[in-house]
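Let me begin by presenting the structure, written as structure tokens, before commenting on it.
The values are calculated or read from the model by the stated rules, or taken from the named source; none is laboratory data. Because the structure is predicted, anything quoted here is derived from the model rather than measured. We place every Cβ from the backbone using ideal geometry, glycine too, and count neighbours over all the protein chains shown.
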Amino acid sequence: MGPAGTVPAQISFQGSCPRSFRRFYAGTKSPAFRQAPILPPSSHHEWHMPLAPKNSQRTDKIVQAAVQLFARQGYHGTSTREIARLADVSENTLFRHFDHKEDLFWSALRSRSTGLKLRRDLLDGITECGEPEIVLPKIIDLLVDTVIFKPELLRLIAVAFLELHWKTEAFCQEYLSPILSAISHYVEMNMKSEKVRRLDPTMVTAALVTTVMAHAEISRLIGGDKLSYPGSREAADAYTRFWLDVLTPRPLVPTGPLERSNSEPFA
């Protein structure tokens, strides 16, 4: 046990803990214990994201402060005392709105995820299995806009996967799975109609997302501080051209030294 009776953040609980400790932990009401990591659920119980608290101006201030600090410092690196100070409320007031620190984290993540959905024109294009030249640019635009306009959301998702990974399934099913599944299904349907090459649709979807999320940083590692594209519009156009070249079947036209007549033997 750490100072003030808290559980050290670096300890990772595996399996179930003794029943007496679970009763003790569940019955503890002090803020110090409320900040301790929540134990991973056993295989017999499915965990669900906590319900969002009733909205109020003070609740919103606490959530916005939590978004900033969790995104910047991570889950274990942020204390409820810091969040309360940034929100200009007392720590006791914070815990009147949120029973546990973890509930506050999921509320912060939820607050940044509400607009994470397919736009109507993109959803129609996916449902109707539209031409890749029309639908793919809209998919890329959605991903690029998420990277540019929702940076805190991406950081919070990363924190959830790294520090609360045993409880991310509910969040993923509610917010991420519908989008990724729709993209993967669209790719699969276009493969069946031979509009795009036959590849693993889940791998294509993962690679699409990774291209937009990680390309800029990987480019800096390869080429120094020089940016590959001057702006988001140019980057989206480049990603679209790349993926159309990858996915769209096109005849190979040999040129240069590889071009030779059918009757000309190789040396």
*Among the numbered conditions (1) of a type in the set (A, V, I, L, M); (2) assigned to a helix (DSSP H, G or I); (3) modelled with pLDDT under 95, tell me where LEU118 comes up short.*
(2)
*Taking region 144-161, which residues are at pLDDT 95 or above and within 15 Å of PHE242 (Cα to Cα)?*
none
*asked:* Against the conditions (1) without any contact (Cβ under 8 Å) to a residue 40 or more places away in the chain; (2) closer than 20 Å to ALA236 by Cβ, where does SER90 fall short? Just the number, please.
replied: (2)
_Can you go through ILE140, ILE148 and tell me which one is of a type in the set (Val, Ile, Thr), surrounded by fewer than 17 Cβ atoms within 10 Å (Cβ to Cβ) and closer than 30 Å to ARG197 by Cβ?_
ILE148
*Filtering region 190-234 down to residues that are among the hydroxyl-bearing types (Ser, Thr, Tyr) and touching a Ser or Thr at 6+ places or on another chain (Cβ under 8 Å), which residue is farthest from LYS150 (Cα to Cα)?*
THR202
*Could you give me the residue pairs with C-beta distances under 6 Å whose first residue belongs to region 193-221 and is loosely packed, with under 12 Cβ neighbours inside 10 Å, whose second residue is aliphatic (A, V, I, L, M) and in a helix (DSSP H, G or I) wherever it lies, and which are 6+ apart or on separate chains?*
ARG198/MET191
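This table checks each residue for (1) assigned to a helix (DSSP H, G or I); (2) among the acidic types (Asp, Glu).
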residue: PHE171; (1), (2): yes, no
residue: ILE183; (1), (2): yes, no
residue: GLU188; (1), (2): yes, yes
residue: MET191; (1), (2): yes, no
residue: LYS195; (1), (2): no, no
residue: THR205; (1), (2): yes, no
residue: HIS215; (1), (2): yes, no
residue: ARG220; (1), (2): yes, no
residue: PRO230; (1), (2): no, no
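Would you mind finding the one in GLN57, GLN73 that is at pLDDT 95 or above and out of contact with any helix residue (DSSP H, G or I) (no Cβ under 6 Å at 6 or more places or on another chain)?
Just a single option satisfies the conditions, and that option is GLN73.
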